[in-house]
Amino acid sequence: MSVVDADGLTFTYASGTSPAVRDLSFRIDRGEIFGFLGPSGAGKSTTQKVLIGLLRGYRGAVSVLGRDLAAWGADYYERIGVSFELPNHYLRLTGAENLGYFRALYRGETRRPEALLEMVGLADDAARLVSEYSKGMKTRLGVARALLNDPQLIFLDEPTVGLDPVNGRRIRDLIREMKQAGRTVFLTTHDMTVADDLCDRVAFIVGGEIRVVESPRTLKLAHGARTVAVEYDLDGASGRREFPLDGLGDDADFLTLLRTATLRTLHTQEATLEDVFLRVTGHRLDQESGPQNST
């Protein structure tokens, strides 16, 4: 069963002359981590804002959790969780007080703030004012807040931005735990490393249009070179050679090198997800995607 199903989603800002996103069609399955990837101005945040109900007046058909998006009322927010890229916490409250306040807004059962702060590595900072938090700490607090109501669908906008490697891994592990628990994650990011590590499928969006939807592995295999690169030492000198992957086991030169040289590295020439993005879209991630009004 799909959790999100969009068919022809199009949205134009009131001040805009052209759509910020146009004719987007994609499906997100239950228990899937779905990545929405693109540079600044691509339409990632616009799409997310439509899906979480912050932007109305879209065209096309969109259903979420088995119901037309426009038919949802306030009960929608009992079922979803949202972590924004730019945290919007109450700075004069502590981390624990922030979670306690938002917890009181839900009608259904919620998770204990102490447990959530432990999960994101903020247990020792629960009593500190959020005004004293670093950007990364605020990001982690936002992730914790998104999980208060144990949502079925979680929207995460750049959830690892500004995090050090240890806490970045902590949040990535937490996202995997959500998936294992049967939750669905809509992840918007321009960080291809994070997307490659986490996502079951990714959508490349540029200029408000989706160019491809596929798994990272399938994309990398399709766009990588079918060769094997070997770095080696032989007779006191270092060398590097490439061999065709097809028929490698019968390649006499390759087999001779294996017997006579000291191998240093041996790996296939797999494309990175960022390489694939450039080839598919013609854009780099550090480029502006186009004249968007507000994404």
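The values are calculated or read from the model by the stated rules, or taken from the named source; none is laboratory data. Not measured: the values here are computed from a predicted model. Here the Cβ is made from the backbone with ideal geometry for all residues, glycine too, and neighbour counts use every protein chain on show. All accessible areas refer to the heavy atoms of the entire protein, side chains included, with ligands and DNA or RNA removed. Shrake-Rupley method; radii C 1.70, N 1.55, O 1.52, S 1.80 Å.
Considering the chain, its Cα convex hull presents a mean projected area of 19.5 nm². When the chain is described by a simple charge dipole with +1 on each Lys and Arg Cβ and -1 on each Asp and Glu Cβ, the residue from Asn167, Ala229, Ser2 located farthest towards its positive end is Ser2. Each listed q (0.13, 0.16, 0.25 Å⁻¹) maps to a log10 I(q)/I(0) for the range 235-285, found by the Debye formula over equal Cα scatterers with no solvent: -0.50, -0.64, -0.97.
I'd like to know how the range 167-259 sits against the 2.2 N^0.38 Å rule of thumb: what's its Cα Rg over that expected value?
1.61
Using only the Cα atoms of the range 97-205, construct the convex hull and provide its projected area averaged over every direction, in square nanometres to one decimal. List each step's numbers first, then the result.
Values: hull surface 28.8 nm².
The number I arrive at for the range 97-205 is 7.2 nm².
On the principal axes of its alpha carbon atoms, the range 28-93 extends 39, 31, 29 Å, with the longest extent given first.
Once the Cα-Cα distance is subtracted from the 0.36 nm per residue extended length, the Ala127 to Asp233 segment shows a gain of 32.4 nm. Candidate cross-link partners of Lys138 among the lysines, defined by an alpha-carbon separation under 27 Å and a same-chain spacing of 8 or more, comprise Lys44, Lys49, Lys179. Leaving out ligands, DNA and RNA, what percent of the accessible area of the range 35-163 is carbon and sulfur, probe 1.4 Å? The computed percentage sits at 50. Here Lys220 is the anchor, and the aspartates and glutamates within straight C-alpha reach of less than 18 Å, apart from those fewer than 8 places off in the same chain, are Asp191, Asp196, Asp197, Asp200, Asp246, Glu270, Glu274, Asp275. Pair-distance distribution P(r) for the range 121-278, from all Cα-Cα distances in 10 Å bins starting at 0: 9, 27, 23, 19, 14, 7, 1 percent. Comparing Gly66, Gly239, Gly57 in a Gaussian network model of the chain (Cα springs below 10 Å), the most mobile by mean-square fluctuation is Gly239. The label-point distance for Asp246 and Arg67, in a model that sets each label 7 Å from Cα toward Cβ, rounds to 5.3 nm. Here Ala104 and Thr265 are evaluated by their C-beta separation; at R0 = 45 Å the FRET efficiency comes out at 0.20. Summing Cβ point charges (Lys, Arg +1; Asp, Glu -1) relative to the Cα centre of the chain gives a dipole of roughly 940 debye.
Extension gain for the segment Asp29 to Ala181, taken as residue separation times 0.36 nm less the Cα-Cα distance, is 53.3 nm to one decimal. Note on the range 196-295: with charges restricted to the Cβ of Lys and Arg (+1) and Asp and Glu (-1), its dipole about the Cα centre is near 100 debye.
Taking only protein heavy atoms and a 1.4 Å probe, what accessible area per residue, in Å², does the range 152-295 have with all protein chains in place?
Numbers: 7460 Å² over 144 residues.
Roughly 52 Å² per residue, with all protein chains present.
The Cα-based radius of gyration of the range 97-146, divided by its Kirkwood radius, gives an Rg/Rh of 0.95.
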